[in-house]
Structures are given as structure tokens and as C-alpha cells.
Amino acid sequence: MGINHTPVGQPMPQSLQSAGQRLTQALRAAGLRLTPQRRAICELLGASKEHPSAQQIYTALKPLYPSLSLATVYNTLDALVSLGAINALGPAGDAAVHYDADTEPHVNLACIRCHRIIDLESDHVAALENEVSHTSGYQILGASVTYYGLCPDCQQEVEKA
Ligand SMILES: [Zn+2]
């Protein structure tokens with residue numbers, strides 16, 4: 001994060017393991033017991049590009065893990081956020097916190113109509129993160145830069161209506 005960015009085209013050392021594995025290792029390192037439920041939450045978040053909310057994660061996993069509680073989803077997500085392993089993004093017009101397993105600096109674009117959040121790569125965000133950490137002396141654990149608006153699909157549908 002921040003200063004040790006791999007040049008474009010070079011494989012990241014991180015890519016040797018899946019994002020889900022990276023998250024489960026973070027939980028284990030923090031001393032949390034790795035239950036099948038917690039492992040499933042990590043795998044889902046690591047594989048998702050959808051920036052799911054806690055409720056969406058719960059709804060997706062509940063049929064597979066009937067003993068899963070919403071509290072487990074929340075405390076697992078909270079632990080991952082405080083470890084800097086994932087970022088908590090603001091609501092996408094739906095009053096729910098969305099979670100992002102991609103902690104490399106990037107811009108999130110949230111559509112307030114369909115509540116999708118997509119990623120946008122930007123060198124400016126990486127530069128901003130360097131500036132913030134150097135100026136503040138903080139060890140940056142995560143960041144979210146989120147723009148809100150109407151996605152191109154929703155703009156077309158609004159025009160048609
Ligand atoms: Zn949209």
C-alpha cells in the first residue's frame with residue numbers, strides 16, 4: 001500500500017495468493033478463529049467485484065451456512081477493516097456500507113440509482129495517498145475515494161422515462 005507499488009505489467013507478489021486467502025490470513029494473524037463461515041465471507045469478498053454490503057454477503061451465504069448470523073458477518077467485516085485488509089465504502093444511495101477487498105488506491109464510482117459501485121484506476125489517487133501518509137505521519141490502513149452519480153445505463157433509462 002502507498003509506497004511499494006509494483007510497476008505496471010509486473011505481477012504483484014500478492015497475486016500468488018487469492019484475495020480470499022489474503023483475507024483469511026489477515027484474520028488468522030489477528031488471532032480470530034477461522035470458522036467455515038468467516039472463511040466463506042473472506043472468499044466471497046475476495047472474489048467479488050460488486051462491493052457487497054453486509055446484508056448482501058449475509059443473504060448470499062445464509063443458504064450455504066444456515067448457522068450464519070448477521071452479527072458474524074458484521075464482526076468479521078469490522079475486523080478486516082480494522083486490519084486494513086478491506087475498505088469500508090460509504091453507502092451507494094442505499095444507506096448501506098459497502099465493502100471493497102481491493103485496498104490498492106483507486107476511485108470508486110457509485111450509482112445512486114442502481115447502487116452498483118465500480119472501480120476506476122487512477123494514478124492521482126496513489127499520489128494522493130502518498131501525500132496524505134507523508135504529510136500526516138499516519139500509517140494508512142485504507143482509504144475510500146467514492147464519487148456518486150448516475151451510471152451511463154441509468155442516465156439512458158432516466159432519459160427514456
Ligand atoms: Zn446505475
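The values are calculated or read from the model by the stated rules, or taken from the named source; none is laboratory data. Keep in mind that this is a model prediction, so the values were computed, not measured. Here the Cβ is made from the backbone with ideal geometry for all residues, glycine too, and neighbour counts use every protein chain on show.
Details
- Residues of the stretch 143-154 satisfying the condition of being within 15 Å of His51 (Cα to Cα) and either of a type outside the set (S, T, N, Q) or within 13 Å of the ligand (Cβ to nearest atom) (or both): Ala143, Val145, Tyr147, Tyr148
- Test: Ile112 is in contact with a Ser or Thr (Cβ under 6 Å, 6 or more places away or on another chain) and either small (Gly, Ala, Ser) or touching a residue at least 24 places away in the same chain (Cβ under 8 Å) (or both): no
- Selected residue [more than 17 Å from the chain's Cα centre (by Cα) and surrounded by fewer than 18 Cβ atoms within 10 Å (Cβ to Cβ)] from Tyr148, Tyr74, Tyr138: Tyr138
- Scanning the stretch 87-117 for residues that are touching a Cys at 6+ places or on another chain (Cβ under 8 Å) and at negative phi gives Ala92, Leu109, Cys111, Arg113, Cys114, Arg116, Ile117.
- Positions within the stretch 16-42 being out of contact with any Ser or Thr (no Cβ under 8 Å at 6 or more places or on another chain), among the charged types (D, E, K, R) and not in a loop (DSSP other than H, G, I, E, B), in sequence order: Arg22, Arg28
- Residue match in the stretch 115-122 (condition: touching a Ser or Thr at 6+ places or on another chain (Cβ under 8 Å), surrounded by 13 or more Cβ atoms within 10 Å (Cβ to Cβ) and closer than 19 Å to Leu45 by Cα): yes
- The listed residue being modelled with pLDDT of 90 or more, within 17 Å of Pro52 (Cβ to Cβ) and away from the ligand (no atom under 12 Å from the Cβ), out of Ala101, Ala127, Ala110, Ala95: Ala101
- Some residue of the stretch 60-82 being in contact (Cβ under 8 Å) with a residue 24 or more places away in the chain, within 14 Å of the ligand (Cβ to nearest atom) and either part of a strand (DSSP E or B) or not small (Gly, Ala, Ser) (or both): no
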